[in-house]
Amino acid sequence: PPTRYPLLISVLLMCLQQLSGINNAFNYSTVFLKANGMGDGAVATIAVLMNVGNVFITLLSVYMMDRAGRRPLLLASTAGMAASTVLLTAALALPGRSFTPALSVISILLFVGAFGIGLGPVPWLLPAEILPAETRALASSVAASANWLANFVASQAFLVIANALGGFAFVPFGAALALGALWVARVVPETKGKSLEQIQTELAFG
């Protein structure tokens, strides 16, 4: 059926968005930074920069989507976030070193920035472009529900993962992002400048 494959792509993108660990980075960034010797004032400033920067980068992604395309932004986003988790893991696994405060800040800001350019906005846009009109509303609701479910799972699992892995708590999320980048490169279609009929043909014979 024409809905099944586009719906699967939409659902998996929504799950990848949450299993990237983005909300854990937002929720626990102050803990990471304080553990690496940052003062309360600096941590508060960085938290503001993260949120304000995420808004501006998301606006930039809206501009870029019709120029670079949805798929390249997703690839850059997932690859950039995966690379950022390597830097963040280095900072968390080596606390107290002279370079870890700066590395913590850089890795978190890069992680959030990479999210905002692609994996943040594109999963919400793509269902409207790849799902058939007659089932779009219901299928989009299913995809949105998957997003909230994945958000719940990632949030509840993080403390368990952090207790088990310590400074390597973001390694599973980095692995999910690396696999997600490969999946995006192989499966997710480019929709820029294409009609629904063209997209469905590509999905059918892709």
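Yes/no matrix, rows are residues, columns are (1) on the phi < 0 side of the Ramachandran plot; (2) in contact with a helix residue (DSSP H, G or I) (Cβ under 8 Å, 6 or more places away or on another chain):
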| position | (1), (2) |
| --- | --- |
| T89 | yes, yes |
| G96 | no, no |
| I108 | yes, yes |
| P123 | yes, yes |
| A133 | yes, yes |
| W148 | yes, no |
Self-check item: Test: residue in segment 128-148 that is open to solvent by 20 Å² or more (accessible area, probe 1.4 Å), modelled with pLDDT under 95 and closer than 25 Å to N51 by Cβ
Solution: no
Self-check item: Residues that are among the aliphatic types (A, V, I, L, M), part of a helix (DSSP H, G or I) and under 15 Å from S20 (Cβ atoms), drawn from segment 154-189
Solution: A154, A157, I161, V171, A175, A176, L177, A178, L179, A181, L182, V184
Quiz item: Taking only pairs six or more apart or across chains, which ones have beta-carbon atoms under 8 Å, a first residue in segment 2-29 that is closer than 9 Å to N147 by Cα, and a second residue that is at pLDDT 95 or above and of a type in the set (D, E)?
Solution: none
Exercise. Can you tell me which residue within segment 18-29, out of those that are over 14 Å from L103 (Cα atoms) and either more than 14 Å from the chain's Cα centre (by Cα) or modelled with pLDDT under 75 (or both), is most open to solvent (accessible area, probe 1.4 Å)?
Key: N27
Quiz item: Here is a list of conditions, (1) open to solvent by 70 Å² or more (accessible area, probe 1.4 Å); (2) part of a helix (DSSP H, G or I), and K192 meets all of them except one; can you say which number that is?
Solution: (2)
Exercise. Taking only segment 119-153 into account, find how many residues are part of a helix (DSSP H, G or I), under 22 Å from T58 (Cα atoms) and in contact (Cβ under 8 Å) with a residue 40 or more places away in the chain.
Key: 15
Exercise. Just one of (1) under 21 Å from M14 (Cα atoms); (2) open to solvent by 20 Å² or more (accessible area, probe 1.4 Å) trips up T78, so point out which.
Key: (2)
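The values are calculated or read from the model by the stated rules, or taken from the named source; none is laboratory data. Please read these numbers as outputs of a predicted model, since none were measured by experiment. For neighbour counting, all protein chains shown are included, and Cβ atoms are generated from backbone atoms with ideal geometry for every residue, glycine included. Keep in mind that these areas ignore ligands, DNA and RNA; they rest on the heavy atoms of the full protein, side chains included. Shrake-Rupley method; radii C 1.70, N 1.55, O 1.52, S 1.80 Å.
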